[in-house]
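K.L.:
Encoded as C-alpha cells, here's the structure I'll be asking about.
The values are calculated or read from the model by the stated rules, or taken from the named source; none is laboratory data. If you're wondering where the values come from, they're calculated on a predicted model, not measured in any experiment. Ideal geometry is used to build each Cβ from the backbone, glycine not excepted, and the neighbour counts take in all protein chains shown.
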Amino acid sequence: MYAISLATDAILFLFFIHSAAAQVHFENRFYSGAHQGGIFGISQPNSRRQFQRAYRAGIDIIEMDLRTSSDGIPFVFHDQNLQPQTKCKGDLRQVSCQQIQKCHYKNFDPPDTFEQVLAWALDKNIILNAEVKDDAAIAPAIALVNRYKMQHRIYFQTQNNRQKYQIFRRQNTQMTLLFRAQSDDDLTWVESLNDPQLKIIELTNRFISDEIIQRIHRMGKIASQDSFEYDLSRELFGASCKRVFERGIQIAISNSPGVCQQQKNTFNGL
C-alpha cells in the first residue's frame, strides 16, 4: 500500500509539473511587446523577418494576427483582404493556402503561416500573443500550439468577445487567454468565470483608472495596454511604453519595440 501511495504521489506530482508548464508564466516585472513585430520597421509587419528584428531588440512579447485560408490553414495576416498588402486580391478566407503562398509582399516574401512562426519561435525565449481575427482559426491554431508543445509560450486574444472566449474554452480549458475589458460589467463577468488561465486583461484609454488597474491586480490578473494609444502618431517617432508602466500596467504593446524595450529596462531597474 505504501509503494502504491508513493507511486500515486509521483504521478500526481508529474501531472502538476506538466500542468504548471502548460500555461504562460508571468514574473513580477514589466513586459515589452511588439505590435505585429513593429509596424514601422523596415520589414513587413506580421512577418518572421519583422519578428526577428523585434526579438534581436530584446522584446518580451510578439503580437500578431491570425486568419485562415479557405482550406483551414492559419496565416499570420492582419487584413481580411489580401490587397493592398500583397499583389493578390480577394478575401483571404476564400483563397487556398497554396494560392496565398504565391501572394508576395513588396519584399517578395509570401505571408507566413502560423506554423512557420511557431517553428521560428521554438528555440527562442519569446512569448507569442495571437489575436484571432476569425473564429475558424481557433481550432487549427490550438492544434498547432499543442503539436509544437508551445502552450507555455503563447496566449490568445479573445478581444471583448465573450462568445469567442467560450469557443476557446470548448476547444481547450488550459490555454492562456486575454480579454479586453470595456466596462465594470466585463470585469465582474471575468471574476465570475473563476478561470485562472484567463490571465491578461487588456485596457484601453476609454476604460482605465487606477481603481480599475488595482481591481485587476486583486483578481490575480495581469493588465495590458497598447502604448500607441498615448501617441497621435501611433509611435512613429518613439514609444510611449513609459506611460503604460507608470500606471502599474505590466504589459505594454508597442509599435516601436526597440524604444519600448529600453523604457521597460529602466522600469525593471536594468
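K.L.:
Conditions first: (1) surrounded by fewer than 16 Cβ atoms within 10 Å (Cβ to Cβ); (2) over 29 Å from Phe245 (Cβ atoms); (3) under 13 Å from the mean Cα position of the chain (by Cα). Ala141 passes all but one, so which condition is the exception?
P.N.:
Going through (1) surrounded by fewer than 16 Cβ atoms within 10 Å (Cβ to Cβ); (2) over 29 Å from Phe245 (Cβ atoms); (3) under 13 Å from the mean Cα position of the chain (by Cα) one by one, Ala141 breaks only (1).
K.L.:
Okay, moving on. Within the group Leu92, Leu82, which residue is over 14 Å from Val117 (Cβ atoms), buried (at least 23 other Cβ atoms within 10 Å of the Cβ) and over 20 Å from the mean Cα position of the chain (by Cα)?
P.N.:
Leu92
Residues checked against (1) within 18 Å of the chain's Cα centre (by Cα); (2) closer than 19 Å to Tyr31 by Cβ; (3) β-branched (Val, Ile, Thr):
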{"position": "Lys149", "(1), (2), (3)": "yes, no, no"}
{"position": "Tyr155", "(1), (2), (3)": "yes, yes, no"}
{"position": "Ile167", "(1), (2), (3)": "yes, no, yes"}
{"position": "Leu177", "(1), (2), (3)": "yes, yes, no"}
{"position": "Asp186", "(1), (2), (3)": "no, no, no"}
{"position": "Leu203", "(1), (2), (3)": "yes, yes, no"}
{"position": "Phe207", "(1), (2), (3)": "no, no, no"}
{"position": "Gly220", "(1), (2), (3)": "no, yes, no"}
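K.L.:
Scanning for something assigned to a strand (DSSP E or B) and either farther than 21 Å from Ile127 by Cα or under 20 Å from the mean Cα position of the chain (by Cα) (or both), does region 253-264 turn up at least one residue?
P.N.:
Taking every residue of region 253-264 in turn, at least one turns out to be assigned to a strand (DSSP E or B) and either farther than 21 Å from Ile127 by Cα or under 20 Å from the mean Cα position of the chain (by Cα) (or both).
K.L.:
Then there is this: Given the conditions (1) out of contact with any Pro (no Cβ under 7 Å at 6 or more places or on another chain); (2) touching a residue at least 40 places away in the same chain (Cβ under 8 Å); (3) surrounded by 15 or more Cβ atoms within 10 Å (Cβ to Cβ); (4) not aliphatic (A, V, I, L, M), report the number of the one that Thr113 does not fulfil.
P.N.:
Condition (1) is where Thr113 drops out.
K.L.:
Which one is farthest from Pro140 (Cα to Cα), of the residues in region 41-69 that are among the β-branched types (Val, Ile, Thr) and touching a strand residue (DSSP E or B) at 6+ places or on another chain (Cβ under 8 Å)?
P.N.:
Looking at the filtered set, the residue picked out is Ile59.
K.L.:
Can I ask one more? State whether one or more residues within region 181-195 are surrounded by fewer than 17 Cβ atoms within 10 Å (Cβ to Cβ) and under 24 Å from Pro45 (Cβ atoms).
P.N.:
no
K.L.:
What are the residues in region 213-233 that are among the basic types (Lys, Arg) and buried (at least 18 other Cβ atoms within 10 Å of the Cβ), if any?
P.N.:
Across region 213-233, the qualifying residues are Arg215, Lys221.
Conditions (1) modelled with pLDDT under 95; (2) assigned to a loop (DSSP other than H, G, I, E, B); (3) among the aromatic types (Phe, Trp, Tyr); (4) over 25 Å from Leu144 (Cα atoms), marked per residue:
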site	(1), (2), (3), (4)
Ser19	yes, no, no, no
Gly33	no, no, no, no
Gln52	no, no, no, no
Arg67	no, no, no, no
Lys106	yes, yes, no, yes
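K.L.:
Can you confirm whether region 68-77 contains a residue that is closer than 18 Å to Thr176 by Cβ and surrounded by 19 or more Cβ atoms within 10 Å (Cβ to Cβ)?
P.N.:
Checking region 68-77: at least one residue is closer than 18 Å to Thr176 by Cβ and surrounded by 19 or more Cβ atoms within 10 Å (Cβ to Cβ).
This table checks each residue for (1) over 26 Å from Leu144 (Cβ atoms); (2) touching a residue at least 60 places away in the same chain (Cβ under 8 Å); (3) among the hydrophobic types (A, V, I, L, M, F, W, C).
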{"position": "Arg169", "(1), (2), (3)": "no, no, no"}
{"position": "Thr173", "(1), (2), (3)": "no, no, no"}
{"position": "Thr188", "(1), (2), (3)": "yes, no, no"}
{"position": "Glu191", "(1), (2), (3)": "yes, no, no"}
{"position": "Ile213", "(1), (2), (3)": "yes, no, yes"}
{"position": "Ser227", "(1), (2), (3)": "yes, no, no"}
{"position": "Asn255", "(1), (2), (3)": "yes, yes, no"}
{"position": "Gln262", "(1), (2), (3)": "yes, no, no"}
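K.L.:
What tally of residues in region 60-80 results from selecting those that are out of contact with any Lys or Arg (no Cβ under 9 Å at 6 or more places or on another chain) and not charged (D, E, K, R)?
P.N.:
So the count comes out to 5.
K.L.:
Just to be sure before I move on: is Asn125 in a strand (DSSP E or B) and either under 21 Å from Ser254 (Cβ atoms) or of a type in the set (Phe, Trp, Tyr) (or both) in the structure I sent?
P.N.:
no
K.L.:
Shifting gears a bit: Go through (1) in a helix (DSSP H, G or I); (2) without any contact (Cβ under 8 Å) to a residue 60 or more places away in the chain for Lys89 and report which single condition fails.
P.N.:
All conditions pass for Lys89, except number (1).
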